[in-house]
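The values are calculated or read from the model by the stated rules, or taken from the named source; none is laboratory data. Keep in mind the model is a prediction, meaning the values are calculated, not measured. Here the Cβ positions follow ideal geometry from the backbone for every residue, glycine too, while neighbour counts run over all protein chains shown. Ligands, DNA and RNA are stripped out before the accessible areas are found, and what is left, the full protein with its side chains, is counted by its heavy atoms. Shrake-Rupley method; radii C 1.70, N 1.55, O 1.52, S 1.80 Å.
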Amino acid sequence: MTDATPVTHWVCGRTRLDLTSPRVMGVVNVTPDSFFDGGHHFDPERALDHARRLRAEGADIIDVGGESTRPGAMPVPPDVELARVLPVVAALAEEGVLVSIDTTKPEVMREAVTAGAAIVNDVRALCAADAVATVARTGAGVCLMHMRGEPRTMQEDPVYGDVVRTVRDFLSARAAECEAMGIVRERIVIDPGIGFGKTVAHNLALLRRLGDLATTGYPVLVGVSRKSTLGALSGQPPADRLPASIAGALAAIARGARIVRVHDVRATVDALRVWRAVGGSVT
Ligand code: HH2
């Protein structure tokens, strides 16, 4: 594939999000079992309070999820997922928050966008039957993420030839299908899927060579916050991975990420302020 002119903004419904400086996506998991914050915001009112706090701390986007995708996680039926996320999505959208729905199911995408979500974040890159057509019918922005296998089994000895090339080719092909189905280029962001069917070495190769993904022209989003690769490097459990998460976010931005998906918005925003003040640049 040839290198393409970079997209400088993300069209998400009526919002045009400027991506010339790095953006922060705050995570709100309305789940009992997410790997880091599972159960903390399972009650919709607590999820809303948390989302409002993340927004006040400087999150540009709030990513609402109702199904954990941690290694070993079991799938959740669509009606259960909808009951978890819809009240949170609707209330946040009503308050003017730029909301992303983290789901792989077309029925959840459709209902969440109707309730006000402006972004569909899919760890399966719209691979479910009808997912591309469902999103195409909306004006929503989309994040296409790479995952090898299924959450239940994805960490069982993942093998790649050149992981960066495999991920880049997969994401380019998914983005091309989206464009062919009517999702314009400015609506698409890509994500290498740190920790999704990858060893520590694979994740580090992807982070070191994020620039290879950026040459597709699609803005790159990275989620490394609190993940096990940071545990492998720091020796810390998820609760003590904040310093490693900040370093991971800044390193991703330095290598070309335009958006970082994080659990700790205030700390990330503070770090980015310092980064920018001293001329931290994006490659
Ligand atoms: N990571 C997780 C979930 N969704 N979406 C994108 N685009 N990129 C990611 O790296 C990503 C994602 C996993 O983190 P979390 O939501 O905190 O955990 P869980 O899946 O256990 O709910």
Solvent-accessible area per residue for the chain (1.4 angstrom probe, square angstrom): 41 Å²
Accessible surface of the stretch 193-283 [probe 1.4 Å, protein heavy atoms]: carbon and sulfur percent: 58 percent
Fraction of accessible area attributable to carbon and sulfur, the stretch 65-121 (%, probe 1.4 Å): 58 percent
Theoretical FRET efficiency, 1/(1+(r/R0)^6), r = Cβ-Cβ of Thr166 and Ala128, R0 22 Å, to 0.05: 0.60
Cα-Cα separations in the stretch 1-96 greater than 22 Å, expressed as whole percent: 39 percent
Given charges at Cβ of Lys, Arg, Asp, Glu: the chain dipole, positive-most of Leu207, Val108, Val27: Leu207
CD proxy at 222 nm, helix term only [per DSSP H run n ≥ 4: -39500 (n - 2.57); per residue of the chain; nearest 500]: -12000 deg cm²/dmol
Percentage, to the nearest whole number, of Cα pairs in the chain over 37 Å apart: 4 percent
Three semi-axes of the equivalent ellipsoid, the stretch 88-224, Cα gyration tensor, whole Å, largest first: 26, 16, 14
Cα-projected label distance for Glu95 with Arg276, points at 7 Å along beta-carbon direction, nm: 2.2 nm
Antiparallel bridges, percent of DSSP beta bridges restricted to the chain (to nearest 5): 15 percent
Residue among Phe196, Ala277, Gly39 farthest towards the positive dipole end of the chain, charges placed on Cβ: Ala277
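Taking the Cα centre as origin and putting +1 on Lys and Arg beta-carbons and -1 on Asp and Glu beta-carbons, what dipole magnitude results for the chain, to the nearest 20 debye? Kindly include the intermediate steps, with their values, before the conclusion.
Details: 32 positive and 33 negative charges, 159 e Å.
My answer is approximately 760 debye.
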